[in-house]
Amino acid sequence: MRIAIGADHAGYNMKQIVAAHVATLEHEVLDLGTGSAGTAVDYPDFAEAVGLAVREGQADRGIVICGSGVGASVAANKLKGVRAGLCHDTYSAHQGVEHDDMNVLVLGARIIGVETARELVKAFLGAAFTKEERHQRRLAKVKAIEDRN
């Protein structure tokens, strides 16, 4: 898979580690910035870049990292077709894909450690949407909400 990755300055160091980990899992990395931890930048810019890459087919899935993960999650979910989930545990990282067709994983670099981030990424990338009727039905309702607003 091709994985788009973006982070603000607070998530930059973790982004570098996560990108390397994604490559070791034999996925292609599309690094959408930022390029440094030294200059303050705004998380919505990177959440949007990753979300658009996923939505427009430039990437199969995305990972966004900011300080807490909350702001990036809120921003990414404003994009039609993006289903971003802020995860701190591996169950949510794989179950979000399996049940909710989550296509963007959001991480908080100031909340979780590097090893947890690696585990979350592996769980997220290793999961697939089950396509069970109940999950398709629920996803259709989510899409209907998105279409109405």
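Each reported figure results from applying straightforward, stated rules to the coordinates on display, with no laboratory input. The model shown is predicted, which means the values in this text are computed figures rather than measured ones. Don't worry about glycine lacking a Cβ; one is built from the backbone with ideal geometry, like all the others, and counts go over all protein chains shown.
Couple of notes before you dig in:
- Matching residues, the range 52-80, being in a helix (DSSP H, G or I) and in contact with a Lys or Arg (Cβ under 8 Å, 6 or more places away or on another chain): Val54, Arg55
- Residue within the range 20-34 that is in contact with a helix residue (DSSP H, G or I) (Cβ under 8 Å, 6 or more places away or on another chain), among the polar types (S, T, N, Q), surrounded by fewer than 20 Cβ atoms within 10 Å (Cβ to Cβ) and farther than 18 Å from Asp60 by Cα present: no
- Set side by side, the residues His99, His94, His88 differ, and just one is surrounded by fewer than 23 Cβ atoms within 10 Å (Cβ to Cβ) and not in a helix (DSSP H, G or I), which is His88.
- Residue in the range 110-125 that is in a helix (DSSP H, G or I), farther than 27 Å from Arg138 by Cβ, of a type in the set (Phe, Trp, Tyr) and under 12 Å from the mean Cα position of the chain (by Cα) present: no
- Counted residues, the range 1-46 - those being in contact with a Cys (Cβ under 9 Å, 6 or more places away or on another chain), in a helix (DSSP H, G or I) and in contact (Cβ under 8 Å) with a residue 40 or more places away in the chain: 3
- For the range 95-149, the tally of residues that are among the aromatic types (Phe, Trp, Tyr) and farther than 19 Å from Ala47 by Cα stands at 1.
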